[in-house]
1. From the list 126, 105, exactly one residue is over 22 Å from residue 312 (Cβ atoms) and at pLDDT 95 or above. Which is it?
2. Counting just the residues of the range 179-190 that are of a type in the set (A, V, I, L, M) and either within 14 Å of residue 144 (Cβ to Cβ) or open to solvent by less than 60 Å² (accessible area, probe 1.4 Å) (or both), which one comes out farthest from the chain's Cα centre (by Cα)?
3. Taking residue 85 as meeting all but one of (1) part of a helix (DSSP H, G or I); (2) open to solvent by 10 Å² or more (accessible area, probe 1.4 Å), write down the number of the exception.
4. Specify which of the listed residues (399, 298) is at pLDDT below 95, more than 16 Å from the ligand (Cβ to nearest atom), within 28 Å of residue 121 (Cβ to Cβ) and assigned to a loop (DSSP other than H, G, I, E, B).
5. Every residue in the range 107-121 that is closer than 14 Å to residue 145 by Cβ, open to solvent by 10 Å² or more (accessible area, probe 1.4 Å) and of a type in the set (A, V, I, L, M), please.
6. If a residue must be surrounded by fewer than 19 Cβ atoms within 10 Å (Cβ to Cβ) and under 19 Å from residue 303 (Cα atoms), how many such residues does the range 63-82 contain?
7. So residue 351 ticks every box in (1) surrounded by fewer than 17 Cβ atoms within 10 Å (Cβ to Cβ); (2) in a strand (DSSP E or B) but one. Which box is left unticked?
8. Kindly evaluate residue 291 against the criterion of being part of a strand (DSSP E or B) and β-branched (Val, Ile, Thr).
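The values are calculated or read from the model by the stated rules, or taken from the named source; none is laboratory data. Keep in mind that what you see is a predicted model, and the values were worked out from it rather than measured. Methodologically, a virtual Cβ is constructed for each residue, glycine included, from the backbone with ideal geometry; neighbour enumeration extends over all protein chains shown. Surface accessibility is based on the protein's heavy atoms, side chains included, excluding ligands, DNA and RNA. Shrake-Rupley method; radii C 1.70, N 1.55, O 1.52, S 1.80 Å.
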Amino acid sequence: MKVPKWPVCLVFVGLVATLVLAQNQSQKPKPRVVVIGVNGMELDVIRPLILKGAMPNLARVIKNGAYGKFRTVPAPNCPKAYTTMFTSTKPEENGVTGFVVGGITANTNMLKKEPIWSMLSKNGVTVGMANVPATFPVMPVNGYMISGMLTRGKNCEDGVLCAPKLSEVEGGDAIYPTSMKAELLKNVGDFYIDCERMPAAEQLRGHESEVIDSWLKRVALIREQQTKVFDYLLTNHPTDFTWMVQSCEDRTGHWLYPIAPYNVGYNPKINSVRPDAFPSQYIAFDQVLGTILKHVDNNTYVFIISDHGIKPLREFEETDPHAHMDHEKTTPVIAKHDFADGDDVPGSFFAMGPGIKHDLRLMGFQASVFDIAPTILHIYGIEQPAQMEGHVLTEIFENSDNKVALQK
Ligand SMILES: [Zn+2]
């Protein structure tokens, strides 16, 4: 091939023009998006709390934005729902079909489709992710990534959740870039990467109240540490796109959902001890939300999403009401979310930000786990790749001439 001989000065002018263009692009501020994930937030439980005024921060988001049910995947659990949000593809296509895939705990090396953090990073968007489930081992991003649920560490058997501290992580990196680990240990201290595992039936027997109380204390400590990490990151490492997730709510619901005596699995020794334990998780979450919202201005898009809900046992075909292989097998589980029909346990979706309608309730299932990645790409003006099955949630935006260019 003949290489064109450009006059040297023209090449120089071209180079300068490219640099100036690149500089202009980098000077143009990118939209800021903060996604807050709550594992298994149950609308049946939070709506009465909002009515009572016990979740003022979430109430503020609802008033200033759009909210509704959030369609999840069939037999939902965290790894399936999150990888669907990351890629806008079905679990069977993205490779993460559950907590355990082919006998191995789900991990990021199994992802067969490109995740949103990679697409954003490639397009110059700075990315910060903290405690997002199914992000272990962490992957390089244009920013930072701290793994969440499914992080492996000391005493973690495959298929069983565990709660390693940052210093106890094994089998891969929990923080990208690795230099951030020392920084966090120095400035925030060691912290739990995931929520506490549930106690086993034999631990509980005869010591129900004590075990429940000490478990809830540990959960409160984990949330406190997590809040400190989020606050530190938002203060010292602000990014264009930020995704932070809490997971203690779901864990609490599985064995401390405030069920009634007619429910399957009701044990007064456990279920009458702290009927407030599960609702209290959401009141505590609302305070975490308050901390995050302090870092948010009117030009920031805020999405609060829960990957699925959680309900007392109800599936007729189950012979063992306590079977819940996705969590600690021996815990007396009284509520769950991996029902065959995901519409039985919808997640929830809240959005607030420039050009997003106020006080809008999405009826039915207008928003789904498939729509998160396309909507975020849309905000950054990045074209939706063919792999994505979801749609841009145009329903929530005021009109097509808002700051976001609507996709055709
Ligand atoms: Zn769960």
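1. Details: 105 fails: at pLDDT 95 or above.
Going through 126, 105 in turn, just one is over 22 Å from residue 312 (Cβ atoms) and at pLDDT 95 or above: 126.
2. Selected residue: 182.
3. Only one criterion is unmet by residue 85, namely (2).
4. Of the residues listed, the single one that is at pLDDT below 95, more than 16 Å from the ligand (Cβ to nearest atom), within 28 Å of residue 121 (Cβ to Cβ) and assigned to a loop (DSSP other than H, G, I, E, B) is 298.
5. 111
6. 2
7. Condition (1) is where residue 351 drops out.
8. On the way: part of a strand (DSSP E or B): no; β-branched (Val, Ile, Thr): yes.
Judged against the criteria, residue 291 is not a match.
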